[in-house]
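Nothing in this text is a laboratory measurement; each read-out follows from the coordinates by a stated rule. On a predicted model such as this, the values are computed, not experimentally measured, just so you know. Neighbour counts run over all protein chains shown; Cβ positions are idealised from the backbone, glycine included.
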């Protein structure tokens, strides 16, 4: 391990290699790359049905397994692409470009996991994410410590006056509203509490993805509010969960 590569980045590299191999095996199992007119063999679908039941929150089988298989393929590709983005950069070379690259790697990885999860688990609410983290059983669950209380900009933002809405002004500013994901971001960023379970980190990643996609999460917020150190662990948690989904789907190969 080099000085520039943390243990979490090593973990992401490991997940990337496993994701690549699992994705290849998945395509082989399906009998080829699923196109819009692709239809898998009935024997393949019969084998997958029980595994879809394991992954689904209500132990249901998708009414359209063909489409679910296509979504899994797309989701795995997106997660894999995010993990293979080594030393991500967005914009001109410099610290800001590195932060932006890490931010958009989380966003891309979440897009893939979201596609995988909708196709298998059936939703993205707290109950779905908790079920997902239990089924996939992350080998190296990570914890997310809150940003440092010494950050002046963070403390100033936490004291912003209320605008009359129910949510904290910081969350309003980031454009995230309600739901489990927002609650996790509030707990971690606004209240300064650690996130200790995998599905909590996934919720936080989802909120950061939303704030990024809406264009509200700026580089100054990432740095001044202490969000940047969380980006690599969140990517690793997304990666481990995605790998876990594919490992379940390949378990009776």
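Put simply, the convex hull of the Cα atoms in the stretch 34-142 casts, on average, a shadow of 8.7 nm². Projected onto planes of every orientation and averaged, the convex hull of the alpha-carbon atoms in the stretch 152-229 covers 4.9 nm². Taking every DSSP helix (H) stretch of at least 4 residues in the chain, weighting each as -39,500 (n - 2.57) and dividing the sum by the residue count yields a mean residue ellipticity at 222 nm of -20500 deg cm²/dmol. Taking the number of Cβ atoms within 10 Å of each Cβ as an exposure proxy, the fewest-first ranking of 47, 114 is 47, 114. Translational diffusion of the stretch 111-253, estimated by Stokes-Einstein from the Kirkwood radius over alpha carbon pairs at 20 °C in a medium of 1.002 mPa s, is 136 µm² per second. What the pair-distance distribution of the stretch 92-153 shows, using all Cα-Cα distances binned every 10 Å from zero, is 16, 32, 32, 18, 1 percent. Cβ-to-Cβ counts within 10 Å put 121, 44, 79 in ascending order as 44, 121, 79, the fewest first.
Stokes-Einstein, applied to the Kirkwood radius of the chain over Cα pairs at a viscosity of 1.567 mPa s and 4 °C, places its translational diffusion at 69 µm² s⁻¹. For the pair residue 252 and residue 97 in one chain, pulling the backbone fully straight at 0.36 nm per residue adds 51.5 nm over the alpha carbon distance.
Mean-square fluctuations from a GNM of the chain, with a 10 angstrom spring cutoff on Cα atoms, peak among 14, 165, 59 at 165.
Spin-label model, residue 194 to residue 17: label points 7 Å out along the Cα-to-beta-carbon direction sit 3.0 nm apart.
Here the gap between residue 46 and residue 151, fully extended at 0.36 nm per residue and compared with their Cα-Cα distance, gives a gain of 32.3 nm.
Counting neighbouring beta carbons within 10 Å and listing from fewest to most, the residues 66, 46 come out as 46, 66. Rounded, prolate or oblate: which fits the stretch 26-69 when a ≥ b ≥ c are the square roots of the eigenvalues of the alpha-carbon gyration tensor, with rounded for a/c under 1.5 and prolate only if a/b beats b/c? Here the stretch 26-69 falls in the prolate category.
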